[in-house]
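These notes concern the structure reproduced below.
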Amino acid sequence: MKPLIDGRHPYGNINPCSASDVADKVLNEYWDIAESLGIQSFLCFGTCLGFVRDRGYVTNDNDIDIGILGGLEDLTAKLVKNGFMHRRSYGKNRHFLKDGILLDIWFKFSCTKFLQFFNRIEYKGRFYEIPHPVEGYLTARYGDWKTVKHRRVWEG
């Protein structure tokens with residue numbers, strides 16, 4: 001897939017790294033909603049990688065990835081009520097769009113051994129949960145996660 005001229009992905013989202021203030025706002029709004037429902041959330045996939053390795057969003061990642069352990073239906077309803085546009089579902093995984101930022105919520109995981117406990121990471125004065133131990137999680141997911149690997153944005 002080729003990028004659109006304005007830098008948006010065909011799904012309508014913009015890269016969180018290129019609009020970090022907007023992405024931060026969306027992430028914090030999500031986090032507040034999940035906390036209000038008592039839903040355990042944690043950063044996963046590329047968002048976890050970026051916050052741990054790069055202290056922010058991964059340059060070429062097109063979304064914010066959040067994992068949850070329960071409360072999917074209540075969370076979906078409250079996100080929609082608060083202006084998150086439900087784009088699509090894959091099984092129990094949900095994809096939302098807000099202010100041009102794609103937020104992916106992952107509910108089903110193949111490797112749960114890193115989800116028994118959580119570490120916390122600080123980003124811009126706020127704390128977020130991440131899998132424990134995070135180094136083991138990132139190694140299992142990416143192998144050599146400490147080395148930045150560049151890929152072309154929006155091409156698959």
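Brief remarks follow.
- GLY50 vs. criteria out of contact with any Ser or Thr (no Cβ under 6 Å at 6 or more places or on another chain), small (Gly, Ala, Ser), closer than 19 Å to ASN15 by Cβ and in contact (Cβ under 8 Å) with a residue 40 or more places away in the chain: no
- When ILE33 is tested against (1) modelled with pLDDT of 95 or more; (2) surrounded by fewer than 16 Cβ atoms within 10 Å (Cβ to Cβ), only condition (2) is not met.
- Of the set (1) surrounded by fewer than 17 Cβ atoms within 10 Å (Cβ to Cβ); (2) modelled with pLDDT under 95; (3) charged (D, E, K, R); (4) out of contact with any Lys or Arg (no Cβ under 6 Å at 6 or more places or on another chain), all apply to GLU122 but (2).
- Scan of region 66-109 for residues that are surrounded by fewer than 20 Cβ atoms within 10 Å (Cβ to Cβ), at pLDDT 90 or above and of a type in the set (D, E, K, R), ordered by number: GLU73, ASP74, LYS78, LYS81, ASP99
- Tally, over region 32-91, of residues that are in a strand (DSSP E or B) and either within 19 Å of GLY136 (Cβ to Cβ) or not basic (Lys, Arg) (or both): 12
- Residues of region 108-131 that are over 21 Å from GLY50 (Cβ atoms) and of a type in the set (Phe, Trp, Tyr): PHE117 alone.
- The requirement of being assigned to a helix (DSSP H, G or I) and either among the polar types (S, T, N, Q) or closer than 15 Å to LEU43 by Cβ (or both) is fulfilled nowhere in region 103-118; no residue meets it.
The values are calculated or read from the model by the stated rules, or taken from the named source; none is laboratory data. Predicted model only: the values in this text are computed from it and were never measured. Positions of Cβ are backbone-derived with ideal geometry, glycine not excepted, and every protein chain shown enters the neighbour counts.
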